[in-house]
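The values are calculated or read from the model by the stated rules, or taken from the named source; none is laboratory data. The structure presented is a predicted model; accordingly, all values stated were derived computationally and were not measured. With ideal geometry, Cβ positions are generated from the backbone for all residues, glycine too; neighbour counts draw on all protein chains shown.
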Amino acid sequence: MSQTTLDINSCTADELSKFTGISEDIAKNVVEYRNSKGAFYHMSEILESPGLDRNSFIRLTGISGKKADNYYLRYNIKKIVKLGKANEFSFKDVVKLISKIPTLSGAMLCSEDGLPIARDFNPLLPSDKIGASLSACLKQARESLKNTPYSAVQSMSIELAGHLITVFNHGKLYLVVLHDHGQISGKVCKLVGEILSKLPQTSVAK
C-alpha cells in the first residue's frame, strides 16, 4: 500500500521530494530551513523556505485555490511589514497585494504631486485625477490642522461618487485605497499604513 502521509518535521529532503513531487533543490531548502528553526509550527512558516513557489507550496500542503492564495497574501504582507523585505517587491506588486486585502477592492500608489506610479483601480474611476485631488486635500487638511493635536494626520477618507476612498501619506508617497461596499475597517487601514511606511522612498523620482 502506498504511503499517504509524511511528517514534514522529520522527513529527509529525498523523502520529501519523492513524496510530493517537488524538485530536489526545493525539498533540500525546505528541510534545511526546518532544521535551522527546529520545526514548522504553522503552515505559513513553510512559505519562508528559500525558493518555495506557489505550486510547490500546494504540493507540500495539499492546500489549493483561494486558501493557498490567502496564505501567500498573509506571508507577503509579513515579508513587508515584519520581516522588512519591502525592497523585494516592486510598487506594482505592492499595489496588487493591497488590492487583495479583504474589504478593499482597489489601490493606487502616487507620487508627491498625486500622479499614479502603480495602480489596480476601478477602470471607471479617473485614477490620475483622484490621486492628485486626494493628495492635495490631505496636504491642505494637514496645513489647516498644524496648530492642533491633529497636525500629523497621515490619512483621510472621503466618499466620492458613491465610492468610499482613503488616502494615506508617507514621505513622498501617497497610497489611495478603494473600500469594498463602502465599509472602512480600522484594522485594514492600520495594516495599509504599515505597508506604506515600509516602502523605500529612494525609488520615487524627484
Charged (D, E, K, R) and either without any contact (Cβ under 8 Å) to a residue 24 or more places away in the chain or outside any helix (DSSP H, G or I) (or both): is that true of Asp69 in this structure? no
Which condition breaks for Lys96 when tested against (1) assigned to a loop (DSSP other than H, G, I, E, B); (2) within 20 Å of Thr166 (Cα to Cα); (3) out of contact with any Ser or Thr (no Cβ under 8 Å at 6 or more places or on another chain)? (1)
Restricting attention to region 44-55, the residues that are part of a helix (DSSP H, G or I) and either at pLDDT 90 or above or closer than 28 Å to Leu196 by Cα (or both) number exactly 4
Subset of region 116-138 [without any contact (Cβ under 8 Å) to a residue 40 or more places away in the chain, aliphatic (A, V, I, L, M) and surrounded by 14 or more Cβ atoms within 10 Å (Cβ to Cβ)]: Ala118, Ala132, Ala136, Leu138
If I filter region 1-38 down to residues being part of a helix (DSSP H, G or I), hydroxyl-bearing (Ser, Thr, Tyr) and without any contact (Cβ under 8 Å) to a residue 40 or more places away in the chain, which single residue comes out as surrounded by the fewest Cβ atoms within 10 Å (Cβ to Cβ)? Ser36
Residues Tyr75, Tyr41: which one is outside the structural domain of Val176 (by TED's automatic domain parsing), in a helix (DSSP H, G or I) and over 24 Å from Thr166 (Cβ atoms)? Tyr75
Name the one entry in Ala107, Ala141, Ala161 that is free of Cβ contacts under 8 Å to residues at least 24 places away in the same chain and hydrophobic (A, V, I, L, M, F, W, C). Ala141
Among Val153, Val176, which is the only one that is within 26 Å of Ile77 (Cα to Cα), surrounded by fewer than 18 Cβ atoms within 10 Å (Cβ to Cβ), aliphatic (A, V, I, L, M) and touching a Lys or Arg at 6+ places or on another chain (Cβ under 9 Å)? Val153
Would you point out the residue of region 105-151, among those that are part of a helix (DSSP H, G or I), more than 25 Å from His181 (Cα to Cα) and of a type in the set (S, T, N, Q), that is nearest to the chain's Cα centre (by Cα)? Gln140
